[in-house]
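For reference, the structure is listed below as structure tokens.
The values are calculated or read from the model by the stated rules, or taken from the named source; none is laboratory data. Predicted model only: the values in this text are computed from it and were never measured. Cβ sites come from the backbone with ideal geometry, for glycine too, and all protein chains shown count toward neighbours.
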Amino acid sequence: MQRGPYNTISTTDIRFFDSLLGPNRLITDPDECESYNIDFPSTVRGASRCVLKPKSTEEVSAILKYCNTRRLAVVPQSGNTGLVGGSNPVFDEIVISMKSMNKILDTNELAGVLTCEAGCVLENLENHLTTVGLMMPLDLGAKGSCLIGGCVSTNAGGLRLLRYGNLHGNILGVEAVKANGDVVDALNTLKKNNTGYHLKHLFIGSEGTLGIVTKVVIQCPPLPKAVHLAFLGLASFDKVLKTYHLAKRELGEILSSCEMMDRLSIDVSINNLDMKNPLTSYENGHEFYMLIETSGSHLAHDEEKLSSFVEKAMNNDIIEDGTLTNETAKINNIWGLRERISEGVLRDGYVFKYDISLPFTSFYKVVEVLRDRLRDPRIIRISGYGHLGDGNIHVQVSIPEYYVDVAAQLEPFIFEYVSQCQGSISAEHGIGFKKTKYLHMSKTSSEIAMMYDLKKLMDPNGILNPYKVLMPVTTELQS
Ligand SMILES: Cc1cc2nc3c(=O)[nH]c(=O)nc-3n(C[C@H](O)[C@H](O)[C@H](O)COP(=O)(O)OP(=O)(O)OC[C@H]3O[C@@H](n4cnc5c(N)ncnc54)[C@H](O)[C@@H]3O)c2cc1C
């Protein structure tokens with residue numbers, strides 16, 4: 001990939017940023033810039049020599065206005081937990097870190113509406129909402145580090161999507177800054193507001209290529225009074241599907257999460273992170289595991305429903321073993337087994353991660369197909385886990401270090417396979433840098449053409465997160 005037609009940052013530019021932000025919110029030391037240049041799983045590395053930390057929408061606006069005039073490329077960065085290389089510079093783009101914009105602005109308890117700056121950590125918002133009997137409609141393993149603006153910009157899915165839907169439904173309004181520094185105030189707080197174009201959707205999931213999100217308004221559901229978790233062991237993927245089918249029928253409106261993991265995925269948490277498997281009756285463990293969570297308002301009613309579901313599944317010989325709990329500590333421990341897989345697998349060495357949507361008929365087959373294709377002694381594990389209820393599987397292929405020939409066996413094969421199965425090459429992580437060249441496998445040419453039109457309209461100089469989502473269009477640098 002070639003560097004785009006952007007200017008290189010000069011001492012005059014640094015002086016401008018220094019006068020705008022002061023020395024504490026401007027980083028130019030190469031060592032300090034390092035963590036902003038590398039992604040969470042250490043798979044991409046940029047070469048930025050400048051990180052800016054605005055504290056207000058006005059500062060974001062002033063930065064973008066200046067960069068647009070000077071043709072300086074920028075990359076917005078929030079928690080830097082994204083898994084497609086979207087939040088890191090590719091060359092020397094200026095990093096705009098949103099971490100300092102972290103104020104909660106308003107909490108409307110009755111309407112269940114939270115308004116906050118884009119740099120709030122997801123877990124902090126969750127903790128804040130708990131104090132007023134509300135909750136965030138999304139939850140992810142990265143909640144302690146990811147920021148709400150990053151989640152909105154990737155339209156993050158996560159563990160509660162099955163129940164609460166995705167962020168296109170839960171974000172009521174946004175404030176965003178366009179490439180030229182103009183502020184778009186779309187901070188709607190109403191649930192219903194059908195007045196013209198729904199502009200907020202342009203910024204949800206566009207991965208920082210159309211504007212920088214500075215504030216968000218979120219519809220927050222009431223905190224459930226009763227949460228139960230069933231952790232199940234199963235012998236085959238066919239039985240996983242049967243259990244999901246039964247769970248939907250038996251648990252109905254209280255079903256809030258349905259996750260699956262194969263044996264090699266849970267092994268990551270148990271062996272690499274030294275966690276404990278609560279199901280011990282089978283000496284060698286189970287081929288598959290499921291987490292089925294219910295959230296409701298009546299402890300006894302929910303418990304009865306969940307117990308009766310598990311009993312039915314046992315009697316029908318669908319599950320081998322299971323445990324139920326409503327104790328917070330136990331729930332957190334069990335969720336930890338699932339949520340920490342991403343972290344634990346990194347201890348294997350290098351990990352190829354694929355976040356794909358597939359119809360249930362081919363959902364787990366992709367893992368088996370890859371195992372058949374890559375019979376290579378260097379491979380440590382090929383495993384699959386994910387948000388079964390959303391048709392979204394995460395496939396991980398881990399090896400001690402990056403090997404070009406292994407990469408070549410995996411890509412584009414896996415994306416072609418997903419495309420043939422009518423799946424999506426990115427279920428929830430986005431396109432970022434890593435998947436731009438495969439976008440056409442999940443979007444039609446007319447959709448891609450319209451995406452380019454929008455990009456040109458919103459960011460004519462292409463300064464916002466270049467090389468991401470869409471392949472760059474080469475334009476000459478105008479002075
Ligand atoms: C352990 C782990 C578990 C995960 N689980 C899930 C999961 O279940 N579901 C899921 O969807 N994802 C998951 N992810 C991926 C990731 O956490 C999410 O995509 C998250 O939403 C990224 O948030 P962030 O604050 O880290 O954003 P970043 O990684 O910093 O940025 C992500 C993208 O958004 C852009 N961006 C960031 N902030 C802004 C802004 N304010 N305005 C405009 N653009 C911006 C960046 O340029 C980049 O393209 C997981 C990651 C890890 C490490």
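Table: residues versus (1) surrounded by fewer than 21 Cβ atoms within 10 Å (Cβ to Cβ); (2) over 25 Å from the mean Cα position of the chain (by Cα); (3) under 30 Å from Val44 (Cβ atoms).
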| residue | (1), (2), (3) |
| --- | --- |
| Ile292 | no, no, no |
| Ser295 | no, no, no |
| Ser308 | yes, yes, no |
| Thr323 | yes, yes, no |
| Asn326 | yes, yes, no |
| Val366 | no, no, yes |
- Item | Checklist (1) in a strand (DSSP E or B); (2) surrounded by fewer than 22 Cβ atoms within 10 Å (Cβ to Cβ) applied to Leu264, failing item | (1)
- Task: Could you please find all residues in region 144-160 being in contact with a His (Cβ under 9 Å, 6 or more places away or on another chain) and either in a loop (DSSP other than H, G, I, E, B) or more than 8 Å from the ligand (Cβ to nearest atom) (or both)?
- Result: Asn155, Ala156, Gly157, Gly158, Leu159
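Could you run through region 114-143 and say how many residues are part of a helix (DSSP H, G or I) and without any contact (Cβ under 8 Å) to a residue 12 or more places away in the chain?
1
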- Among Asn272, Asn277, Asn284, which is the only one that is surrounded by fewer than 21 Cβ atoms within 10 Å (Cβ to Cβ) and within 24 Å of the chain's Cα centre (by Cα)? Asn272
- Message: Can you find a residue that is in contact with an Asp or Glu (Cβ under 6 Å, 6 or more places away or on another chain) and of a type in the set (A, V, I, L, M) anywhere in region 281-290?
- Response: no
- Only one of (1) within 12 Å of the ligand (Cβ to nearest atom); (2) at pLDDT 95 or above; (3) among the polar types (S, T, N, Q) is not met by Thr131, so which one is it? (1)
- Which of the residues that make up region 188-238 are more than 16 Å from the ligand (Cβ to nearest atom), touching a residue at least 24 places away in the same chain (Cβ under 8 Å) and assigned to a loop (DSSP other than H, G, I, E, B)? Asn188, Thr189, Lys191, Cys220, Pro221, Leu223, Pro224, Lys225, Ala235, Ser236
- Scanning for something in contact with a His (Cβ under 6 Å, 6 or more places away or on another chain) and part of a loop (DSSP other than H, G, I, E, B), does region 321-330 turn up at least one residue? yes
- Restricting region 416-464 to residues that are touching a strand residue (DSSP E or B) at 6+ places or on another chain (Cβ under 7 Å) and farther than 25 Å from Asp390 by Cβ, the residue that is farthest from the ligand (Cβ to nearest atom): Ile463
- Message: Taking the criterion of being touching a Ser or Thr at 6+ places or on another chain (Cβ under 8 Å), near the ligand (Cβ under 6 Å from one of its atoms), assigned to a loop (DSSP other than H, G, I, E, B) and closer than 25 Å to Asp355 by Cβ, would at least one residue in region 88-97 satisfy it?
- Response: no
- Note on the structure: How many residues of region 161-171 are surrounded by fewer than 23 Cβ atoms within 10 Å (Cβ to Cβ) and part of a helix (DSSP H, G or I)? The answer is 6
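Within region 172-187, does at least one residue satisfy the condition of being assigned to a helix (DSSP H, G or I) and within 15 Å of the ligand (Cβ to nearest atom)?
Narrowing region 172-187 to residues assigned to a helix (DSSP H, G or I): none.
No, because not a single residue in region 172-187 is assigned to a helix (DSSP H, G or I) and within 15 Å of the ligand (Cβ to nearest atom).
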- Sort out which residues of region 110-124 are under 17 Å from Gly173 (Cβ atoms), of a type in the set (A, V, I, L, M) and more than 12 Å from the ligand (Cβ to nearest atom), and write them in order of number. Ala111, Val113, Leu114
- Filter region 17-35 for residues that are part of a helix (DSSP H, G or I) and crowded, with 17+ Cβ neighbours inside 10 Å and give the result. Phe17, Leu21, Arg25, Cys33
- Query: Across region 379-393, what is the number of residues that are out of contact with any Gly (no Cβ under 8 Å at 6 or more places or on another chain) and in a strand (DSSP E or B)?
  - Reply: 6
- Note on the structure: Note on region 294-306: residues more than 16 Å from Thr243 (Cβ to Cβ) and either touching an Asp or Glu at 6+ places or on another chain (Cβ under 8 Å) or part of a strand (DSSP E or B) (or both) are Ser295, Gly296
- Message: Checking Asp376 against (1) over 17 Å from Ser265 (Cβ atoms); (2) touching a helix residue (DSSP H, G or I) at 6+ places or on another chain (Cβ under 8 Å); (3) at pLDDT 95 or above; (4) surrounded by fewer than 22 Cβ atoms within 10 Å (Cβ to Cβ): exactly one of these is not met. Which one?
- Response: (3)
- Message: Looking only at region 272-293, filter to residues that are in a loop (DSSP other than H, G, I, E, B) and among the hydroxyl-bearing types (Ser, Thr, Tyr); which one of those is farthest from Met261 (Cα to Cα)?
- Response: Ser281
- Message: Quick check on this structure: which one of Arg71, Arg163 is farther than 30 Å from Pro5 by Cβ and more than 12 Å from the ligand (Cβ to nearest atom)?
- Response: Arg163
- Among all residue pairs at least 6 apart or on different chains, which show Cβ distances below 8 Å where the first residue, located in region 36-54, is over 18 Å from Met1 (Cα atoms) and part of a loop (DSSP other than H, G, I, E, B) and the second is of a type in the set (Asp, Glu) and within 12 Å of the ligand (Cβ to nearest atom)? none
- Test for Tyr66: is it surrounded by 21 or more Cβ atoms within 10 Å (Cβ to Cβ) and not assigned by TED's automatic domain parsing to the domain that holds Ile212: no
- Task: Determine if region 393-402 includes at least one residue that is more than 19 Å from the chain's Cα centre (by Cα), loosely packed, with under 14 Cβ neighbours inside 10 Å, among the hydroxyl-bearing types (Ser, Thr, Tyr) and within 22 Å of Ser342 (Cα to Cα).
- Result: yes
